[in-house]
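Enquirer: Have a look at this one.
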Amino acid sequence: MVFLITPIARFFNNTYIFTWDALLELTNQVLPKRKEGHVVPEGHPGFGGNWPEYIPPKEGDSRCCCPGLNAFANHGTDYNMFSDSQLIRFTQGLMPRDGRNISFKEAGRLCHDVFNFSPSFSYYTANFAATVLKKSYSKDTFDLEELNGIEHDASLTRKFTFKRTSERRSIIGDN
């Protein structure tokens, strides 16, 4: 019975997302446009052109061939410097600098906040990644290196991951 429920649930979920996206598109046609320099909300990384510091990955950090996701980690936060009571995700940086234990919800929110993608697209992309990895969108986490085959292979500085996982490292430097 589960083999029938899953495709039906996906159909309704996708229908909801595409309807949501169509409504956002129609709404964007009538709402005033945001002024240049006012797309990133105040208090978020990137507001006013201020981004967290770039730090190249260290040995053992998780990266993938997608330059956007790697940029999130390279400009991320070193969560080892916070205690559990002090830790508030993504207030100091974009994602953990080590590229590990990232929730799908946080990745979707980052795509929306940083790249200014629609909330429907950001949710769909992160949810699709969770589905492909056979993980729960709402409960599980992932490491960047797990994403082989989901993201685009369009980096000018990295070899394609589908060839070998050892080729995730940059071919021209430390990024």
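The values are calculated or read from the model by the stated rules, or taken from the named source; none is laboratory data. As the structure is a computational prediction, the values presented were derived from the model and not from experiment. Cβ atoms come from the backbone with ideal geometry, glycine included; neighbour counts cover every protein chain shown.
Enquirer: Please tell me if GLU42 is surrounded by fewer than 10 Cβ atoms within 10 Å (Cβ to Cβ), modelled with pLDDT under 80 and outside any strand (DSSP E or B). Spell out the reasoning first.
Expert: Details: surrounded by fewer than 10 Cβ atoms within 10 Å (Cβ to Cβ): yes; modelled with pLDDT under 80: yes; outside any strand (DSSP E or B): yes.
Answer is yes for this residue.
Enquirer: Inside segment 116-136, can you point out the residues that are among the aromatic types (Phe, Trp, Tyr) and either modelled with pLDDT of 90 or more or touching a helix residue (DSSP H, G or I) at 6+ places or on another chain (Cβ under 7 Å) (or both)? Step through it out loud before you land on a result.
Expert: Pass one, segment 116-136, residues among the aromatic types (Phe, Trp, Tyr): 117, 121, 123-124, 128.
Within segment 116-136, PHE117, PHE121, TYR123, TYR124 meet the criteria.
Enquirer: Here's another thing I want to ask about it. Being touching a residue at least 12 places away in the same chain (Cβ under 8 Å), under 21 Å from ALA129 (Cα atoms) and not hydrophobic (A, V, I, L, M, F, W, C) is the filter here; which residues of segment 15-37 pass it?
Expert: Passing the criteria: only ASP21.
Enquirer: Taking segment 91-120, which residues are in a helix (DSSP H, G or I) and either in contact with a Lys or Arg (Cβ under 7 Å, 6 or more places away or on another chain) or without any contact (Cβ under 8 Å) to a residue 12 or more places away in the chain (or both)?
Expert: First, the residues of segment 91-120 that are in a helix (DSSP H, G or I): 104-115, 119-120.
Of everything in segment 91-120, those that are in a helix (DSSP H, G or I) and either in contact with a Lys or Arg (Cβ under 7 Å, 6 or more places away or on another chain) or without any contact (Cβ under 8 Å) to a residue 12 or more places away in the chain (or both) turn out to be GLU106, HIS112.
Enquirer: Can you name the number of the only condition in (1) at pLDDT 90 or above; (2) within 19 Å of GLU59 (Cα to Cα) that GLU146 fails?
Expert: Single failed check for GLU146: (1).
Enquirer: Okay, moving on. Looking at segment 90-109, which of its residues are at pLDDT below 85 and out of contact with any strand residue (DSSP E or B) (no Cβ under 7 Å at 6 or more places or on another chain)?
Expert: Correct list: PHE90, THR91, LEU94.
Enquirer: Also, I was wondering about something else. Among residues belonging to segment 128-142 that are assigned to a helix (DSSP H, G or I) and buried (at least 19 other Cβ atoms within 10 Å of the Cβ), point out the one that is farthest from the chain's Cα centre (by Cα).
Expert: First, the residues of segment 128-142 that are assigned to a helix (DSSP H, G or I): 128-132.
When the remaining residues are screened for being buried (at least 19 other Cβ atoms within 10 Å of the Cβ), the result is 129-130.
Details: ALA129: 10, ALA130: 12 Å.
Result: ALA130.
Enquirer: Looking only at segment 40-56, decide whether some residue is of a type in the set (Val, Ile, Thr) and in contact (Cβ under 8 Å) with a residue 12 or more places away in the chain.
Expert: Of all residues in segment 40-56, those of a type in the set (Val, Ile, Thr) come to 40, 55.
Applying the additional criterion that residues be in contact (Cβ under 8 Å) with a residue 12 or more places away in the chain yields 40, 55.
Yes - at least one qualifying residue is present in segment 40-56.
Enquirer: Here's something else I'd like to know. Would you say PRO7 is in contact (Cβ under 8 Å) with a residue 60 or more places away in the chain and surrounded by fewer than 15 Cβ atoms within 10 Å (Cβ to Cβ)?
Expert: Values: in contact (Cβ under 8 Å) with a residue 60 or more places away in the chain: no; surrounded by fewer than 15 Cβ atoms within 10 Å (Cβ to Cβ): yes.
No.
Okay, residues lined up against (1) part of a loop (DSSP other than H, G, I, E, B); (2) modelled with pLDDT under 75:
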{"residue": "GLY48", "(1), (2)": "no, no"}
{"residue": "GLU59", "(1), (2)": "yes, no"}
{"residue": "GLY68", "(1), (2)": "no, no"}
{"residue": "ILE88", "(1), (2)": "yes, yes"}
